[in-house]
Structures are given as structure tokens and as C-alpha cells.
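Structure record follows, encoded as C-alpha cells.
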């Protein structure tokens with residue numbers, strides 16, 4: 001069972017010792033899945049706690065001083081850690097105090113005192129501490145003195161030999177390469193959330209939608225998409241979705257995910273769904289009136305139906321072990 005803690009200071013979370021991984025873990029892609037699996041496999045036979053240290057907000061967002069696109073929500077990350085068998089999660093608030101902490105103090109205060117680390121797993125390019133002065137070489141020196149071993153997970157690659165990373169996933173999505181992103185993630189890219197009530201504009205236009213608010217999350221994609229919606233029935237349902245600010249009808253510039261499910265008639269309010277993105281149809285566009293918008297929605301729905309009818313369905317072919325990493 002996953003237990004989550006927020007503070008760097010406090011009693012040791014694993015008095016008997018832990019096998020620990022540290023990272024941002026945005027998207028929980030195939031590289032992250034391999035790292036978490038290694039932590040679990042190394043901890044079990046030694047009676048140690050499988051543990052993770054990660055950060056909220058993400059360090060890159062803190063230094064950018066502005067919201068940045070994210071591949072996964074905090075809820076999705078927590079569920080992913082639980083599904084991967086992690087038992088202790090130190091979810092550190094990345095703020096000015098943590099950014100100013102020296103690499104040596106981070107090792108003493110967090111890795112040793114707070115997490116009771118016996119074995120530490122990181123990526124080869126892992127950097128930490130004030131001005132990112134800490135690296136794997138420093139970790140190994142301090143680990144030898146403080147009683148923990150440092151292990152480096154070599155880069156995970158796709159079947160085509162491409163290195164897996166969150167930045168490559170974001171780049172693939174920015175280029176509308178959803179099949180490419182799925183190879184890197186180990187599953188199709190999706191966004192999950194609870195269905196909320198909207199202004200019923202879609203219903204009035206003949207396209208009722210299941211609406212998911214994004215809150216402060218900035219998604220890595222926007223526009224109109226062919227999608228599959230999970231969480232409604234035994235099988236995912238095809239549909240068309242809008243992700244953005246709805247420039248024709250929206251006076252409040254709050255991004256919203258709206259999914260219209262084809263040939264579905266039911267009440268989804270309050271239900272958690274997961275919207276799988278299959279293909280982008282177009283960017284958002286402001287139309288002169290509702291009739292023009294409705295005509296374009298007809299064209300979008302027809303195109304989405306055609307794409308989904310011939311799409312092979314990446315989710316059925318994905319790695320079963322990695323598929324559980326992002327269940328919302």
C-alpha cells in the first residue's frame with residue numbers, strides 16, 4: 001500500500017531500509033516503468049521498502065515561473081506509483097528552500113535520514129542539489145561514506161533504438177505523433193478526470209459532451225481529436241473531443257476537455273473517464289456563428305469515425321505490465 005509524505009524533515013520513513021528511486025516521473029513512460037520495476041525487484045528479497053522521491057511542482061516548472069505542459073496529473077502519478085508496487089512516496093514541495101539545498105545536504109537529510117536508503121536508483125543524467133551541482137559521481141562518493149549503494153539504470157530504448165524520455169514524448173505529441181508517443185510511453189497518451197456539468201452548448205448543437213476540467217494542469221496538446229473513451233463500459237467507446245478554450249462560445253478562458261461519444265445515450269456526471277487520443281483532426285478555430293460551428297462539428301465527427309474505424313487500436317497491443325501505470 002502506497003503511503004505519501006510531503007516534508008523533507010521528519011522521522012525515517014523506512015527504519016529497516018529502502019530501495020529508492022528519485023526523479024520527476026512526468027508521464028510515467030517506459031523508462032520510468034523499468035526504474036520502478038527494478039526498485040520493487042531489488043527491495044522484495046531483502047525485506048526493504050520500495051520507495052520513491054519526486055517533486056511537486058516539477059523542478060522545471062518552478063524555475064520557469066509559469067505553468068508548463070505536463071504528461072500526467074499528480075493523481076495519475078500517484079496511481080502509477082501504487083500500481084508499480086511502491087510503498088513509500090516522499091512528494092517534496094519544490095520551492096526556494098529546496099532549490100537552495102546543497103547536494104550534500106540533500107543526501108544527508110533526504111536520502112539517508114528521511115528515506116533510510118540502502119540502495120539508490122537513478123538515471124545516468126540525474127542531477128540534483130543547488131544549481132544542479134550533484135551528479136552520479138558525487139552520489140557514489142557520498143554513498144560509500146553513508147552506507148548506501150548507487151545504481152544507474154541505463155537508457156531504455158524502443159524497438160527502433162530510440163531513447164525513451166519525457167521530452168521525446170512531449171515532442172512527439174507536439175508533432176501530432178500519437179503512435180510515436182505511445183511507443184515511448186508504453187501505452188496511448190490519455191487524460192483522465194471526473195465528468196462535470198457544462199453549459200450544455202454541445203447538447204444544443206446536437207453533440208452532447210462529457211466534460212473534464214483540467215484545473216491548473218497544462219496539457220501538452222490542444223485542438224480537435226479522434227478519441228476513445230474508457231470507463232464508460234466494458235470496451236472503450238469511439239468519439240470526437242475538443243481540448244482547449246472553445247473560442248466560438250467560451251467567454252471564460254479556462255481549458256476544458258469535452259468528449260462526444262458516438263452512438264451513446266447516458267448520464268456520465270460524476271464518473272471518472274479516461275480519454276485516449278488517437279489522432280488530431282485540426283486546431284481550434286473561432287467561427288462566425290453557431291451554424292458554421294455545427295457544420296464543422298459534423299465534418300469533425302465524420303472524419304473521426306473514419307479514422308477510428310480503420311485504426312488498429314494501440315491499447316490492445318501494449319505491454320500489459322506498463323499498461324497499469326496510468327490507470328486513473
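When the range 103-126 is examined, which residues are found to be farther than 14 Å from residue 52 by Cβ and at pLDDT 95 or above?
Within the range 103-126, 103, 104, 105, 106, 107, 108, 109, 112, 113, 118 meet the criteria.
Condition check ((1) in contact with a strand residue (DSSP E or B) (Cβ under 6 Å, 6 or more places away or on another chain); (2) closer than 23 Å to residue 59 by Cα) across all residues:
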| position | (1), (2) |
| --- | --- |
| 103 | yes, yes |
| 113 | no, yes |
| 125 | no, yes |
| 150 | yes, yes |
| 157 | yes, no |
| 164 | no, yes |
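More than 23 Å from residue 267 (Cα to Cα), in the same structural domain as residue 302 (by TED's automatic domain parsing), modelled with pLDDT of 90 or more and part of a loop (DSSP other than H, G, I, E, B): does that describe residue 247? Walk me through how you get there before you give the answer.
On the way: more than 23 Å from residue 267 (Cα to Cα): yes; in the same structural domain as residue 302 (by TED's automatic domain parsing): yes; modelled with pLDDT of 90 or more: no; part of a loop (DSSP other than H, G, I, E, B): yes.
When the stated conditions are applied, residue 247 does not pass them.
Give me the residue from the range 173-189 that is part of a helix (DSSP H, G or I) and surrounded by 16 or more Cβ atoms within 10 Å (Cβ to Cβ) and, out of that set, nearest to the chain's Cα centre (by Cα).
Taking the range 173-189 and keeping what is part of a helix (DSSP H, G or I), we get 173-174, 178-185.
Right, trim to surrounded by 16 or more Cβ atoms within 10 Å (Cβ to Cβ) and you get 173, 178, 180-185.
Numbers: 173: 13, 178: 15, 180: 16, 181: 12, 182: 13, 183: 15, 184: 12, 185: 9 Å.
Looking at residues that are part of a helix (DSSP H, G or I) and surrounded by 16 or more Cβ atoms within 10 Å (Cβ to Cβ), I get 185.
Against the definition (in the same structural domain as residue 269 (by TED's automatic domain parsing), out of contact with any helix residue (DSSP H, G or I) (no Cβ under 6 Å at 6 or more places or on another chain) and modelled with pLDDT under 95), how does residue 213 come out, yes or no?
On the way: in the same structural domain as residue 269 (by TED's automatic domain parsing): yes; out of contact with any helix residue (DSSP H, G or I) (no Cβ under 6 Å at 6 or more places or on another chain): yes; modelled with pLDDT under 95: yes.
Yes; evaluated as a whole, the condition is true for this residue.
Which condition does residue 286 not pass, out of (1) at pLDDT 85 or above; (2) in a helix (DSSP H, G or I); (3) under 26 Å from residue 196 (Cα atoms), if it passes all the others?
Just one mismatch for residue 286, condition (2).
Quick test for you: out of 122, 195, pick the one residue that is within 25 Å of the chain's Cα centre (by Cα) and under 30 Å from residue 222 (Cβ atoms).
195
Do we find a residue being on the phi < 0 side of the Ramachandran plot and buried (at least 23 other Cβ atoms within 10 Å of the Cβ) anywhere in the range 2-18? Can you show your working first?
Step one: filter the range 2-18 for residues on the phi < 0 side of the Ramachandran plot, giving 2-9, 11-16, 18.
Filter again for buried (at least 23 other Cβ atoms within 10 Å of the Cβ), leaving 18.
Yes; the residues of the range 2-18 include at least one that is on the phi < 0 side of the Ramachandran plot and buried (at least 23 other Cβ atoms within 10 Å of the Cβ).
This table checks each residue for (1) in contact with a helix residue (DSSP H, G or I) (Cβ under 8 Å, 6 or more places away or on another chain); (2) at pLDDT 90 or above.
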residue: 269; (1), (2): no, yes
residue: 277; (1), (2): yes, yes
residue: 280; (1), (2): yes, yes
residue: 307; (1), (2): no, yes
residue: 311; (1), (2): no, no
residue: 314; (1), (2): yes, no
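Tally the residues that are more than 22 Å from residue 204 (Cβ to Cβ) and surrounded by 14 or more Cβ atoms within 10 Å (Cβ to Cβ), restricting the search to the range 279-302.
Adding up the residues that qualify gives 2.
The values are calculated or read from the model by the stated rules, or taken from the named source; none is laboratory data. Since this is a predicted model, take the numbers as computed values, not measurements. Here Cβ is always computed from backbone atoms with ideal geometry, including for glycine, and neighbour counts include all displayed protein chains.
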